[in-house]
Each structure stands twice: as structure tokens, then as C-alpha cells.
Amino acid sequence: GQQLNQSPQSMFIQEGEDVSMNCTSSSIFNTWLWYKQDPGEGPVLLIALYKAGELTSNGRLTAQFGITRKDSFLNISASIPSDVGIYFCAGQSRPNTDKLIFGTGTRLQVFP
Amino acid sequence: EAQVTQNPRYLITVTGKKLTVTCSQNMNHEYMSWYRQDPGLGLRQIYYSMNVEVTDKGDVPEGYKVSRKEKRNFPLILESPSPNQTSLYFCASSLIGGRARYEQYFGPGTRLTVT
């Protein structure tokens, strides 16, 4: 099945640093979502994007729906230890379907 | 509290021994889905259901069965588990109207090991 490419695969940063990650697809997507998975838990929705160019924030998190509709970006500002986890992008490419395609994830480690 | 629950959370079994992983949601969601998560592969959809008695295959349905007899429950059945089904399994649910249909709520996961 189709998958989304996420980069980087993993990041090791110091507390207080800003973080950027992205997700790309070979096909156009109509919806982009970003999820976070804490260790031992299921993914939790962070941000949903529905229009090309849309920029949405959720606290220290900001995500953008790429203009080409083939990519999306997530930024975390002033990282803190509880930002640790795996961040997944997900998208919906086919109209009139509820099927989501998930990225391979970016594992974030934050050191104090 | 609105939630998706899965049981068991951890399971070690042997090849060929039938098992069922239960999933239940209390949000009156129409849409429910099962995913498996493997290292480097992200989340891959196994089966999904748009409503009671309506189920369909996802990307990796081989070796799995599901049923949707009640709106709140969506069990995942492995009739004859094999070692390649060792994985972390997630159940998810959502509404199906408007944008809410893309905002899926996930359960805590079931870690299955088949020896």
C-alpha cells in the first residue's frame, strides 16, 4: 500500500531547541494530520489541516499544508522533555474515502 | 471519559492458536479500524468498518478477520496466528460526517508476540 515518507527518521535535541520535520508524498493529498505517540500509548491527534497553504498552531506546535499538496511540515518550538515520542503524519488522498495513509514516523528524543 | 479500549494489552501465544483482540469505544463512532505498527513501516491498516455489519479490507488483511455486530465493538480475530503477525496493534475510531471522519481516536495498543 501507499506510504508517506517522513524525515528525519529520528532526532536527538537539547531542551529548548526548535524542531522541524516533514512528510512527503508522490501523490496529492486532500487532508494532512499530525499525530504524536507517547511511549506505550496510542497516537493522539495534534493538528489537522484541510486546505493547501493552511498554517495551524496548537500551543508550541505549528503545522503547514504544503502548497503543492504533496507535503506537510510540523514545527515544535522551545522543546521540552515531554515532547519525547514518535510523530506521525497521516493523509487522505482519495475523495469520498475515510482511509488514512500514515507516515513511517519521526522519533524525537529531548535531552535536558 | 471518551476513549477506545483494547484487551489484552499484551499477549504471547503460539503459532496456530486462535486469538481475539477486543476493541470498544464509547463515543458512538460509526467508523472503526485496526492497524498494525511495525518498526520502519509506520501504521498499516488491516480492516475497517463504516458501521454495523459493514467491514472492508485495508492494506494488510491477510491472516485477519473482523466483525462488527455492535456499533461500539470491533474485535480482531487471528484464526491461526503466525510469527509474522508479531506486532503492535491499534484500534481506532471516528465519526464519519464532515471533517471529523479524519480525526481518529486510537486505543492504547496491544502488543502481540507469536512464537
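Any read-out appearing in this document is the output of simple, stated calculations on the displayed coordinates, not a laboratory observation. Just so it is clear, the model here is predicted, and its values are computed rather than measured. Here the Cβ positions follow ideal geometry from the backbone for every residue, glycine too, while neighbour counts run over all protein chains shown.
The table below lists the values:
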{"item": "Square roots of five times the Cα gyration tensor eigenvalues for the protein assembly as shown, Å", "result": "29, 21, 16"}
{"item": "Computed over chain A, the ratio Rg/Rh where both radii use C-alpha atoms and Rh is Kirkwood", "result": "0.96"}
{"item": "Hypothetical label at residue B:53: residues of segment B:64-107 whose amide nitrogen lies under 13 Å (7 Å Cα-Cβ projection)", "result": "B:68-71"}
{"item": "FRET efficiency, residue B:28 to residue B:62 (Cβ-Cβ, R0 35 Å, nearest 0.05)", "result": "0.65"}
{"item": "Paramagnetic reach from residue A:54 in segment B:87-113 [backbone N under 12 Å; point 7 Å along Cα→Cβ]", "result": "B:99-103"}
{"item": "For segment B:18-90, Kirkwood radius (reciprocal of mean inverse C-alpha pair distance, Å)", "result": "12.5 Å"}
{"item": "Estimated FRET transfer efficiency when R0 is 41 angstrom, pair residue A:14-residue B:38 (beta carbons, to 0.05)", "result": "0.85"}
{"item": "Cut-off 13 Å between beta-carbons: net charge of the residues surrounding residue A:36, Lys and Arg +1, Asp and Glu -1", "result": "-1"}
